[in-house]
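These notes are about the structure you will find just below.
The values are calculated or read from the model by the stated rules, or taken from the named source; none is laboratory data. Here the structure is a predicted model, which means the values were calculated and not measured. As a convention, Cβ positions derive from the backbone with ideal geometry for all residues, glycine included, and neighbour counts pool all protein chains shown. To get the accessible areas, we keep the full protein, side chains included, count just its heavy atoms, and leave off ligands, DNA and RNA. Shrake-Rupley method; radii C 1.70, N 1.55, O 1.52, S 1.80 Å.
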Amino acid sequence: MRLPDFWTGLAFTALGIAIAVYAQGFHVPAGAASPRLLPTIVGGFMAMFGGLITFRGWRGAGNVELPGWLSSRRQIALIVFLPLAVVAYGLLALRFGSIPVATVIVFLHSVIYGLRPIYALILGLFIGLVVTYLFIHVLGIPLPAGPIEELLS
Amino acid sequence: MTGFLEGFALVMQADVLITMLISAIFGLFVGMVPGLSATMAVALLVPVAFTLSPVAALATIITCSAMAMFAGDIPAAFLRIPGTPASAAYTYDMNDLVRAGRLGDALGMSLVGSAMGGVFGAIILMFGAPLLADFAINFSSYEYFWLALLGLSCATLVAGDDALKGWASLTIGLFLSVVGLDFVTGIQRYTFGITNLQAGIGFISVMIGAFALSELFRKAAAFEGETNGPGLAISGRPLPTLRSLWEQRNHIGRGGLIGTLVGALPGAGADIAAWVTYAVSKRFARKPELFGHGSVEGVAGAATANNAALSGSYVPTLVFGIPGDSITAIVVGVLILKGIQPGPLVFVNSADMVNAIYIIFLLANILLVPLGVAAVYLGRTAISIRDAILYPVILLLCLYGAYAVSNNTFELWIVLAIGVLVWIMQENNYPAAPLILGLVLGQVVEQNFMSSLIKSDGNVINFFNRPIAGVLGVLTLIVWFSPIIMGILRRADTAPESTNKT
């Protein structure tokens, strides 16, 4: 999404000010080392750089370009799918296990990319099983496990 | 010489050579997965290493880490997604080179550079370990503070076309580095009551978000229908020509030297070595304008440095028993468990073992070339898979890689937030590399600044009192203020001319 520099600079300025102002609320114990120091400096610099970008881009403030992908339903679906997949894995894997959630994610993602559903299902099952097995049993990483993982162990 | 031959005999055992080969393949595999770092590859091998003989255990760790370090470059080159944090500095250069059909100048250069860096570091380890250790042990919080601050100046070098946006991106990384419990006071900063944020924001999760997830967003936004591949025509031989290698001799040599020196500093490591070398290479490059857009010089220097840093990190480990980085922290544990106490006496009490370590380093880095070429071919095959198969698999690897960081789904939210943020930033010409740099160095800057401030009781003069700190401090100030001074001098030069004209 291409935004004019004026607006992105303004966002940096606002964030920088918020960071610096919030830092003033940190309790400072006696001594030279204040927990406020670096956050205030970082926030101040962020606001300054944002301000310079805003100032530099003030002439083009109204030139908002709509991204090209908004005109394609598939591209929108692909973009929306990514955060949904992360959230779905984060919320559902602990309850249902990694294999079923991974299978569904890979299946849906490849279908949106244009793979025929039957092939996508085979891919989802294969990748869901093999990659999860490799992570858990070869690499020893304890991924969220559910009923299917328990059956396979 | 006798000690060297004894070490050689220890390494030339069937069990050692077989474990080296297996751990090499394992290291290549783990390094290629985004989010799984060389440290994680080694950590995963620890349970196996404890069951092996001391030499075989060390061979496993050294070989695996060297392979994983290089393997991180493979997804970076083909997909713009670094496999390990140490590859982040030159990811875009390698991808642009591969896109230009210069596989040998990208991955080939990185492969040969990595091997040469590893060998270079091993040679320095063999002959200069005590000297280097003396140098490294003189570093206190003052020196680390200046070194990290000097590293932050790299932001201008990795910022791309728009320096101002690069600095803005750097401040985001610095902000992320202050989230969590304050190092000195233990006060919670920007945690908003979220327990998981108290430990700070994990570097690997940020890297997966900034490079992998944002890349998936970018691919999705640019998707224009089914193709037979991801649109990347890979051509060229997997190794660089001798001429190309010769042209990069200075960058490789410099990368080896800087990598070993940075690696020898406890707490620094391959990531910082790669960033610093990348910045220094740009200063000395014949074509600095190509950095970030397909610079062979950048790849040669930084890829050499991260493997050299691995060898360098064994200097304080062996000489003082102080781990140079997280991998050598594991090595210290293995050594102690096997009855070998690292420290100055290790060169007397276990001379054969120390020599065996040198030989393993040399062998592992020589082995890297043929196995690395095979891994490049494997990666080349993987990249020819169509989008509909490749990207879902990458997404899954990112999810698993992020979860594996702390076995906590919270890492996924970090990946998501950073992925969306960096995608929007990149769409608006804000580079991601300074953000990563800020996160890597932010904590080092603050912790050492605060420690120094406490030690000096708030007296800033003490930051320049020690010889190395003084030199580093002046150097940093020159680097930071030279653009302003140069600008004033240029104006002063042009002012009389314009006055004369009038």
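Limited to segment A:101-112, what total is found for residues that are more than 7 Å from chain B (Cβ to nearest Cβ), among the hydrophobic types (A, V, I, L, M, F, W, C) and under 15 Å from B:L399 (Cβ atoms)?
4
Looking at A:T40, A:T13 in this structure, which one is part of a helix (DSSP H, G or I), touching a Gly at 6+ places or on another chain (Cβ under 9 Å) and open to solvent by less than 70 Å² (accessible area, probe 1.4 Å)?
A:T13
So A:W69 passes all but one of these: (1) in contact with a Lys or Arg (Cβ under 6 Å, 6 or more places away or on another chain); (2) assigned to a helix (DSSP H, G or I). Which condition number does it fail?
Here A:W69 meets the rest and fails (1).
Table: residues versus (1) at pLDDT below 80; (2) within 14 Å of chain A (Cβ to nearest Cβ).
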{"residue": "B:G225", "(1), (2)": "yes, yes"}
{"residue": "B:A233", "(1), (2)": "yes, no"}
{"residue": "B:G236", "(1), (2)": "yes, no"}
{"residue": "B:L245", "(1), (2)": "no, no"}
{"residue": "B:G253", "(1), (2)": "no, no"}
{"residue": "B:G259", "(1), (2)": "no, no"}
{"residue": "B:L265", "(1), (2)": "yes, no"}
{"residue": "B:Y278", "(1), (2)": "no, no"}
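Considering B:A402, B:A469, which residue is over 30 Å from B:A212 (Cβ atoms), in contact with a helix residue (DSSP H, G or I) (Cβ under 7 Å, 6 or more places away or on another chain) and either touching a residue at least 60 places away in the same chain (Cβ under 8 Å) or outside any helix (DSSP H, G or I) (or both)?
B:A469
Examine segment B:33-54 for a residue that is out of contact with any Cys (no Cβ under 7 Å at 6 or more places or on another chain), under 18 Å from B:L378 (Cβ atoms) and either small (G, A, S) or surrounded by fewer than 22 Cβ atoms within 10 Å (Cβ to Cβ) (or both), and state whether such a residue exists.
No, the conditions are met nowhere in segment B:33-54.
Under 8 Å between Cβ atoms, at least 6 apart or on separate chains: pull out the pairs that start in segment B:38-66 with a residue that is within 14 Å of chain A (Cβ to nearest Cβ) and closer than 14 Å to B:I340 by Cβ and end on any residue that is open to solvent by 10 Å² or more (accessible area, probe 1.4 Å) and assigned to a helix (DSSP H, G or I).
Listed pairs, sorted by first residue: B:F50/B:L337.
For segment A:17-30, which residues satisfy the criterion of being more than 7 Å from chain B (Cβ to nearest Cβ) and either over 30 Å from B:S456 (Cα atoms) or open to solvent by less than 60 Å² (accessible area, probe 1.4 Å) (or both)?
Matches in segment A:17-30: A:I17, A:A18, A:A20, A:A23, A:V28.
Return the residues of segment A:31-74 that are more than 9 Å from chain B (Cβ to nearest Cβ) and among the β-branched types (V, I, T); say none if nothing qualifies.
A:T40, A:T54, A:V64
Have a look at A:A88, A:A145 and point out the one that is touching a residue at least 12 places away in the same chain (Cβ under 8 Å), surrounded by fewer than 21 Cβ atoms within 10 Å (Cβ to Cβ) and closer than 24 Å to B:W423 by Cα.
A:A88
Checking B:I389 against (1) β-branched (V, I, T); (2) part of a helix (DSSP H, G or I); (3) away from chain A (no Cβ under 14 Å), which test does it fail?
(3)
Which residue is nearest to the other protein chains (Cβ to nearest Cβ), if the candidates are limited to segment B:348-373 and must be part of a helix (DSSP H, G or I) and either free of Cβ contacts under 8 Å to residues at least 60 places away in the same chain or closer than 30 Å to A:P144 by Cβ (or both)?
Checking each candidate, the answer is B:P370.
Within segment B:165-189, count every residue that is open to solvent by 10 Å² or more (accessible area, probe 1.4 Å) and at positive phi.
1
I'd like to know if segment B:81-97 contains one or more residues that are more than 24 Å from B:V262 (Cβ to Cβ), of a type in the set (S, T, Y), modelled with pLDDT of 85 or more and buried (at least 24 other Cβ atoms within 10 Å of the Cβ).
No, the conditions are met nowhere in segment B:81-97.
Return the only residue of A:L123, A:L94, A:L115 being surrounded by fewer than 17 Cβ atoms within 10 Å (Cβ to Cβ) and either facing chain B (nearest Cβ under 7 Å) or not acidic (D, E) (or both).
Going through A:L123, A:L94, A:L115 in turn, the sole match is A:L94.
Among the residues of segment B:443-500, what is the count of those that are surrounded by 10 or more Cβ atoms within 10 Å (Cβ to Cβ), at pLDDT 80 or above and within 14 Å of another protein chain (Cβ to nearest Cβ)?
The total comes to 17.
Is at least one residue of segment A:94-115 among the charged types (D, E, K, R) and over 27 Å from B:F410 (Cα atoms)?
The answer is no; no qualifying residue exists.
Could you tell me which residue of segment B:295-340 is least open to solvent (accessible area, probe 1.4 Å), considering only residues that are at pLDDT below 75 and part of a loop (DSSP other than H, G, I, E, B)?
So the residue we want is B:G324.
Do any residues in segment A:93-106 that are in the same structural domain as A:V130 (by TED's automatic domain parsing) and on the phi < 0 side of the Ramachandran plot have Cβ atoms under 8 Å from those of residues that are among the polar types (S, T, N, Q) and open to solvent by 10 Å² or more (accessible area, probe 1.4 Å), where the two are at least six apart or on different chains, and which pairs are they?
Between residues of segment A:93-106 that are in the same structural domain as A:V130 (by TED's automatic domain parsing) and on the phi < 0 side of the Ramachandran plot and residues that are among the polar types (S, T, N, Q) and open to solvent by 10 Å² or more (accessible area, probe 1.4 Å), the close pairs are A:A93/B:T409; A:L94/B:T409.
Could you list, in sequence order, all residues of segment B:32-61 that are in a helix (DSSP H, G or I) and at pLDDT 80 or above?
B:M32, B:P54, B:V55, B:A56, B:A57, B:L58, B:A59, B:T60, B:I61
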